[in-house]
Amino acid sequence: MEEPINWREYWQVLVEHRKLIGIITAASTLLATATAFLLTPIYRAEVLLAPVSEERAGSLSSLAGQFGDLAGLAGVNLGTNKDKTAESIAALKSRSLSVAFIEKENLKPILFPRQWNTENKKWKDQDDVPTDWEAFEIFDKDIRTVSLDKKTGLVTLAIEWKNQTLAAKWANGLVRQVNTRLRNEAIEEAEKSTAYLEKQLASTSSVEIQQAIYRLVEAQAKKKMVANAREEYAFTVIDPAVSPEERARPKRLFIVLAGLIIGVAAGFTVAWFRRTK
């Protein structure tokens, strides 16, 4: 059977060593307060996005059974209502897109300020220049996050950085870059598919196959036209990023309260051990 807690003994420890406990608590709280105000404020800019699904292929799906192999070789999708959400999110998170964005915006000097000479505008140590992989590691782990709300299907792209203006600029810029990249890839794919189909058209005398190829070529022309006309190809921006006014971290009040609680606990623990000696 467990012995009941002797609250009177705890109270005696608190009263007898109140000065010691107070000093330790005050020191811990002051240390936490100093830490909370010395840490660099980080701001979070968010873009709310709606993934764009591929349009319904309609009558082209009826060709899948007959000419699926030909369409596959040409890179033509015959399925209906294909959801490209996962593909678009993967592109948004991809290393290649991030590295291209870092290079385009010249972010390495910002990500590695201690290694960059701002006066001479060159790296301090030319033998230790940050690599693309190192830049991506920082960007992927500490700066950019992408999350999908499974209930609404909406995607949130967030950029966390110490400069509010840059955080919003990078968030909006990254969305523009992924839309441009996927749109250009779709156009290039349509052009390659069309070239292949036209080559096959010239080599066949079957009227049935020729008609099918014409329909596939028509589908690629429509795909290219849509891609050229739609700037927001992969994601539609529901709410663009703006410069945040409130910091995301550090949570100063939380840090101060944590310091206070830790100080009280540490002070009482020290006092208890001193009493039991």
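Residues whose amide H lies under 5 Å from that of Lys84, counting only those 5 or more places away or on a different chain, are Glu54; hydrogens are built 1.01 Å from N in the peptide plane. Backbone N atoms of the stretch 235-277 closer than 12 Å to the 7 Å Cα→Cβ label point of Gln12 belong to residues 275-276. Note on Glu245/Glu188: beta-carbon distance plugged into 1/(1 + (r/R0)^6) with R0 of 35 Å gives a FRET efficiency of 0.25. Between Ala86 and Ile23, the simple spin-label model (points 7 angstrom out along Cα→Cβ) gives 6.3 nm.
Cross-link list Lys151/Lys222; Lys84/Lys222; Lys141/Lys169: which exceed 25 angstrom alpha carbon to alpha carbon?
Lys151/Lys222
Once amide H atoms are built 1.01 Å from N in the peptide plane, which residues 5 or more positions from Ala241, or in another chain, come under 5 Å H to H? Placed amide hydrogens put Asn172 under 5 Å from Ala241. What do you get for Rg/Rh over the chain if you use C-alpha atoms and the Kirkwood form of Rh? Result for the chain is an Rg/Rh of 1.25.
Taking Ala50, Ala27, Ala248 in turn, the Gaussian network model of the chain (Cα-Cα springs below 10 Å) assigns the largest fluctuation to Ala27.
Only alpha carbons enter this Debye calculation for the stretch 97-146, each as an equal point scatterer, and the log10 of I(q)/I(0) it gives at q = 0.16 Å⁻¹ is -0.44. Once the chain from Thr156 to Thr33 is taken as fully extended at 0.36 nm per residue, the excess over their C-alpha distance is 41.0 nm. Judged by the mean number of other Cβ atoms found within 10 Å, the most tightly packed of the peptides 89-101, 120-132, 250-262 leads the ranking 89-101, 250-262, 120-132.
Available extension along the chain between Ala221 and Trp123 is 30.5 nm, counting 0.36 nm per residue and deducting the alpha carbon span.
Scattering from the stretch 131-172 was approximated by placing one identical point on each alpha carbon and applying the Debye formula without solvent; log10 I(q)/I(0) at 0.32 1/Å stands at -1.03. Note on the chain: helix-only mean residue ellipticity at 222 nm, from DSSP H runs of 4+ residues weighted -39500 (n - 2.57) and normalised by residue number, equals -19000 deg cm²/dmol. I need the helices of the chain that pass two filters: whole DSSP H segments spanning 24 Å or more by Cα along the axis, and mean Kyte-Doolittle score no lower than 0.5. TM-like helix candidates: 18-38, 252-276.
The C-alpha atoms of the stretch 187-262 occupy a region whose extents along the principal axes are 85, 26, 16 Å, arranged from largest to smallest. When you count the other C-beta atoms within 10 angstrom of each residue and take the mean per peptide, 233-244, 149-160 line up highest first as 233-244, 149-160. Considered as an equivalent ellipsoid built on the Cα gyration tensor, the stretch 118-228 has semi-axes of 45, 21, 12 Å, the largest given first. Where in the stretch 169-194 does the label zone of Ser203 land, with the point 7 angstrom along Cα→C-beta and an amide N cut-off under 13 Å? So the set is empty, nothing qualifies.
Since every read-out is calculated from the coordinates, none of them should be taken as a lab result. Nothing here was measured: the structure is a model prediction, and the numbers come from that model. Quick reminder, even Gly has a Cβ in these numbers, built from the backbone with ideal geometry, and neighbours come from all protein chains shown.
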